[in-house]
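This report concerns only the one structure given below.
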Amino acid sequence: MSKKRILLQFDTDSHASVFDAIVAMDAGIDRLLQYSNVKPEQVRDLVHGAMYTRGPQDLNRTAIFIGGSNVVHGEQLYRNAIDTMFDPFRVSVMIDCNGSNSTAAAAVLSAARHVNLEGSCALVLAATGPVGQRVAKILANEKCKVYLSSRSVERSQECVDALVAQGVASSRLAAISSNDEVWSSKALEESQMVFACGAAGVKLLTAEGLAQGKGLKVAIDLNAVPPLGIEGVGLMDKGVEREGRFDYGALGVGGLKMKIHKASVAALFETNGKTIDCQEMMGIGRDIIARETPVL
Amino acid sequence: MSKKRILLQFDTDSHASVFDAIVAMDAGIDRLLQYSNVKPEQVRDLVHGAMYTRGPQDLNRTAIFIGGSNVVHGEQLYRNAIDTMFDPFRVSVMIDCNGSNSTAAAAVLSAARHVNLEGSCALVLAATGPVGQRVAKILANEKCKVYLSSRSVERSQECVDALVAQGVASSRLAAISSNDEVWSSKALEESQMVFACGAAGVKLLTAEGLAQGKGLKVAIDLNAVPPLGIEGVGLMDKGVEREGRFDYGALGVGGLKMKIHKASVAALFETNGKTIDCQEMMGIGRDIIARETPVL
Amino acid sequence: MSKKRILLQFDTDSHASVFDAIVAMDAGIDRLLQYSNVKPEQVRDLVHGAMYTRGPQDLNRTAIFIGGSNVVHGEQLYRNAIDTMFDPFRVSVMIDCNGSNSTAAAAVLSAARHVNLEGSCALVLAATGPVGQRVAKILANEKCKVYLSSRSVERSQECVDALVAQGVASSRLAAISSNDEVWSSKALEESQMVFACGAAGVKLLTAEGLAQGKGLKVAIDLNAVPPLGIEGVGLMDKGVEREGRFDYGALGVGGLKMKIHKASVAALFETNGKTIDCQEMMGIGRDIIARETPVL
């Protein structure tokens with residue numbers, strides 16, 4: 001009898017995410033072990049417990065999910081988990097703090113239904129937040145030019161620098177301020193895609209602003225709480241055509257996001273030693289879309 | 001394949017109740033997620049995690065159980081959980097802090113085996129405690145007249161006022177003090193039922209006092225730790241006849257209490273959006289009794 | 001349908017051991033309830049929850065595992081759990097804090113492959129630690145003479161006194177200091193077995209020291225982190241012959257330790273009311289070895 005598929009949920013919050021737990025169960029795992037309030041320095045001992053209980057031939061039946069509302073702390077857990085392991089004692093690890101990775105992947109893949117990413121240009125509003133950073137990173141790695149916008153150009157630049165430090169090509173990233181009308185207009189005019197990645201209830205782009213984007217093929221608003229981030233884009237929009245654009249709201253992206261999240265958990269158990277963050281989720285999401293698209 | 005039945009156990013204590021967890025598993029749920037030390041202000045995020053993971057058609061496969069030793073805090077969690085949800089994103093919620101709801105329902109239903117509740121009269125001793133309050137509430141809603149007794153008539157009256165605020169008919173509730181011999185005697189003489197709902201090891205009614213209740217058909221003592229709450233009633237009594245009365249001790253009521261608890265957990269998954277507290281447990285308990293009673 | 005086999009994991013650490021949880025699942029339990037940060041004074045309520053939910057006829061389907069890195073606190077939990085229960089409301093309880101019990105049993109059973117324990121002599125290095133104490137206790141109960149060595153003879157003597165208080169025959173225990181060359185030499189020369197039970201990375205016996213043990217049949221080093229505790233014994237050694245000795249390293253003992261741990265968890269559910277610590281694990285380990293040894 002093969003061993004139970006056990007997922008360890010490491011969460012930085014005082015209560016491990018209910019959402020992540022239920023998705024994990026629906027992804028087909030056998031047993032969930034929830035660990036809340038996990039600190040970076042506690043990861044090593046927890047991971048040792050996962051490495052040394054089952055023989056290497058069974059380590060694909062144990063995996064780690066890292067979540068929680070603090071994305072920065074979650075990233076530390078993720079790095080510490082990976083750094084603790086060595087061959088052949090590796091289990092798979094996935095990170096999706098607050099859904100930021102699966103949301104970013106789903107947003108970019110939604111845009112990719114309408115735009116050939118390579119060589120195109122995108123404006124990412126509120127690019128310094130967890131989702132915005134990841135959208136920008138994925139796009140640049142897909143060979144887009146990306147304008148990263150936030151209220152402060154300094155913070156936008158910090159975000160660019162952080163992405164470059166992660167190996168993203170600096171030539172594809174440009175930091176701008178949303179208060180700088182000249183650059184904002186230029187970015188909008190140049191872009192085929194705009195992504196609003198702001199906090200709940202912050203309007204990032206007015207209808208007039210949106211109309212400036214003559215070349216926009218896609219507008220994606222990831223804010224789920226009114227007022228929405230892009231005026232005129234609906235919460236439920238899923239490729240709604242307006243003015244030559246395809247519009248997506250948070251719930252319109254949510255279905256694909258959920259599928260990516262669930263498929264990523266399932267992928268953890270395919271083999272041991274996998275690491276899954278937003279970049280790997282792009283591949284997982286592309287497979288989902290390919291399976292759903294009828295072959296003509 | 002239908003989705004796993006997941007129960008979220010929200011508990012106000014630092015360790016979520018072992019008792020409630022085991023009952024839940026024996027009630028046939030598939031997966032339990034235990035959350036301890038839950039504060040009222042944390043309920044919203046936890047409930048959101050339950051609302052938004054599965055589609056509305058599957059929400060009857062997720063439910064919430066609220067427990068813990070602090071009944072007042074538990075009630076806040078219960079209200080906050082219900083207030084957080086809206087159609088069609090509702091999951092079922094049940095509250096049974098320290099077993100107070102299932103115990104109260106089982107006690108009243110035990111009495112109802114011998115007394116026609118409507119129009120009869122009951123004396124509830126230590127009525128200001130969690131179980132006492134619930135016994136009084138259920139009885140009044142069953143159209144009994146209820147004397148709520150505690151050492152202080154002011155506290156009895158506060159309890160009456162609280163029940164009236166919950167919609168119980170004030171005409172059926174009377175606050176008395178256990179130190180007031182005139183009223184205590186009057187209540188005993190008028191009652192067909194007496195319930196002792198006090199803290200462990202507090203004697204609430206002496207043998208002489210009990211003998212004053214000439215019209216008593218039922219005496220129920222819910223205290224499980226000696227000295228018992230009603231002198232002369234045994235811990236294991238389950239409808240033992242004495243002096244024309246049927247007596248019940250805590251363990252004699254316990255079997256039905258346990259069945260109600262378990263059936264209530266199972267009922268959470270029949271449809272989504274159910275709310276189960278002591279009042280709903282009366283119906284669940286009646287169904288259990290009806291199934292167990294042979295049809296002549 | 002028989003009830004689920006539920007294991008309660010009581011752990012003294014802020015996160016209940018991942019290792020113990022995974023082993024429990026691989027031992028065939030149905031459901032695990034993890035309780036972390038458990039204090040001795042909290043055990044009673046938790047155990048009550050286990051005692052009173054299922055009828056006595058089903059109590060062999062609920063059991064308690066006590067673990068965590070603090071062995072002294074774990075022992076308190078274990079005693080409190082046992083003291084809370086009474087017939088017929090007993091569930092089985094096992095203690096294996098940091099694996100100290102299963103490791104000690106596996107070490108002694110490894111030695112017993114080569115030495116007839118009764119009447120032989122053993123030197124236990126770092127005998128005051130959790131594993132060392134247990135190795136010494138088991139050996140003395142198997143009628144070995146045991147030298148308990150630590151840097152301070154006073155601490156060695158405290159350990160002897162503690163074992164005597166637990167009922168071990170004082171005539172079989174001798175406290176020595178590792179700094180006392182005369183006694184250390186005498187112990188080495190007299191012993192057929194030497195066990196190194198020290199903290200990670202502390203060398204307890206040099207190659208020259210080991211060579212003094214002319215009568216040694218077995219050398220077992222339970223330290224898994226270099227530098228190893230006995231110079232010349234390899235981490236993976238599993239009965240490697242050297243100079244007429246059979247040598248075992250931590251990983252060489254680890255396979256049997258893991259089997260004992262797993263079989264002990266399974267044994268909890270054979271009947272209710274079992275208590276399993278290092279002494280019971282000896283019997284469980286002997287059964288494992290007997291089953292593995294081909295009958296000629």
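Go through (1) of a type in the set (Gly, Ala, Ser); (2) assigned to a loop (DSSP other than H, G, I, E, B); (3) touching a Phe, Trp or Tyr at 6+ places or on another chain (Cβ under 6 Å) for A:GLY239 and report which single condition fails.
The one condition A:GLY239 does not meet is (2).
For region A:98-125, name all the residues that are over 20 Å from A:GLU280 (Cβ atoms) and free of Cβ contacts under 8 Å to residues at least 60 places away in the same chain.
Correct list: A:ASN116, A:GLY119.
Answer yes or no as to whether C:GLY28 is in a loop (DSSP other than H, G, I, E, B), away from chain B (no Cβ under 12 Å) and either surrounded by fewer than 19 Cβ atoms within 10 Å (Cβ to Cβ) or under 24 Å from the mean Cα position of the chain (by Cα) (or both). Give the derivation first.
Details: in a loop (DSSP other than H, G, I, E, B): yes; away from chain B (no Cβ under 12 Å): yes; either surrounded by fewer than 19 Cβ atoms within 10 Å (Cβ to Cβ) or under 24 Å from the mean Cα position of the chain (by Cα) (or both): yes.
Yes.
For region B:62-72, state whether one or more residues are assigned to a helix (DSSP H, G or I) and either of a type in the set (Asp, Glu) or crowded, with 24+ Cβ neighbours inside 10 Å (or both).
So in region B:62-72, the residues assigned to a helix (DSSP H, G or I) come out as B:71-72.
Now narrow it down to the ones that are either of a type in the set (Asp, Glu) or crowded, with 24+ Cβ neighbours inside 10 Å (or both): none.
The answer is no; no qualifying residue exists.
If you go through region B:53-73 one residue at a time, do you hit one that is basic (Lys, Arg) and either within 12 Å of chain C (Cβ to nearest Cβ) or more than 23 Å from B:GLN279 (Cβ to Cβ) (or both)?
Step one: of region B:53-73, the residues basic (Lys, Arg) are B:54, B:61.
Those still in the list that are either within 12 Å of chain C (Cβ to nearest Cβ) or more than 23 Å from B:GLN279 (Cβ to Cβ) (or both) too: B:54, B:61.
Yes; the residues of region B:53-73 include at least one that is basic (Lys, Arg) and either within 12 Å of chain C (Cβ to nearest Cβ) or more than 23 Å from B:GLN279 (Cβ to Cβ) (or both).
Restricting attention to region A:31-45, which residues are closer than 23 Å to A:SER102 by Cβ, open to solvent by 10 Å² or more (accessible area, probe 1.4 Å) and either more than 24 Å from the chain's Cα centre (by Cα) or away from chain B (no Cβ under 11 Å) (or both)?
Scanning region A:31-45 gives A:ARG31, A:PRO40.
So which residues in region C:47-60 are farther than 16 Å from C:PHE269 by Cα and open to solvent by 10 Å² or more (accessible area, probe 1.4 Å), if there are any at all?
Within region C:47-60, C:HIS48, C:TYR52, C:THR53 qualify.
Starting from residues that are open to solvent by 20 Å² or more (accessible area, probe 1.4 Å) and touching a residue at least 40 places away in the same chain (Cβ under 8 Å), keep the ones in region C:240-254 and report whichever is nearest to C:ALA105 (Cα to Cα).
My answer is C:GLY254.
Please tell me if A:LEU117 is touching a helix residue (DSSP H, G or I) at 6+ places or on another chain (Cβ under 8 Å) and in a helix (DSSP H, G or I).
On the way: touching a helix residue (DSSP H, G or I) at 6+ places or on another chain (Cβ under 8 Å): yes; in a helix (DSSP H, G or I): no.
When the stated conditions are applied, A:LEU117 does not pass them.
In region C:80-97, what residues are in contact (Cβ under 8 Å) with a residue 40 or more places away in the chain and either in a helix (DSSP H, G or I) or under 24 Å from C:LEU173 (Cβ atoms) (or both)?
C:ASN80, C:ALA81, C:ILE82, C:THR84, C:ILE95, C:ASP96, C:CYS97
Looking for whichever is in the same structural domain as B:LYS217 (by TED's automatic domain parsing), open to solvent by less than 50 Å² (accessible area, probe 1.4 Å) and more than 19 Å from B:VAL218 (Cβ to Cβ) here; the options are B:VAL135, B:VAL160. Which one fits? Show your work before the answer.
On the way: B:VAL135 fails: more than 19 Å from B:VAL218 (Cβ to Cβ).
Of the residues listed, the single one that is in the same structural domain as B:LYS217 (by TED's automatic domain parsing), open to solvent by less than 50 Å² (accessible area, probe 1.4 Å) and more than 19 Å from B:VAL218 (Cβ to Cβ) is B:VAL160.
For A:PHE86, indicate whether it is within 13 Å of another protein chain (Cβ to nearest Cβ), open to solvent by 30 Å² or more (accessible area, probe 1.4 Å), farther than 23 Å from C:ASP11 by Cβ and aromatic (Phe, Trp, Tyr). Can you show your working first?
On the way: within 13 Å of another protein chain (Cβ to nearest Cβ): no; open to solvent by 30 Å² or more (accessible area, probe 1.4 Å): yes; farther than 23 Å from C:ASP11 by Cβ: yes; aromatic (Phe, Trp, Tyr): yes.
So A:PHE86 fails the test.
For region A:268-296, how many residues are over 14 Å from the mean Cα position of the chain (by Cα), under 22 Å from A:ILE29 (Cβ atoms) and without any contact (Cβ under 8 Å) to a residue 40 or more places away in the chain?
Qualifying residue count, region A:268-296: 3.
I need the full set of residues from region B:6-18 which are touching a residue at least 12 places away in the same chain (Cβ under 8 Å) and either within 20 Å of A:ALA21 (Cα to Cα) or crowded, with 22+ Cβ neighbours inside 10 Å (or both), in order please. Spell out how you get there, then give the answer.
Taking region B:6-18 as the starting set, the residues that turn out to be touching a residue at least 12 places away in the same chain (Cβ under 8 Å) are B:6-17.
The answer is B:ILE6, B:LEU7, B:LEU8, B:GLN9, B:PHE10, B:ASP11, B:THR12, B:HIS15, B:ALA16, B:SER17.
The values are calculated or read from the model by the stated rules, or taken from the named source; none is laboratory data. This one's a predicted model, so the numbers in the text were calculated from it and none came from an experiment. Because the Cβ atoms are built from the backbone with ideal geometry, glycine has one as well, and the counts that use them run over all protein chains shown. When the accessible area is computed, the model is the full protein with side chains, heavy atoms only, and any ligands, DNA or RNA have been set aside. Shrake-Rupley method; radii C 1.70, N 1.55, O 1.52, S 1.80 Å.
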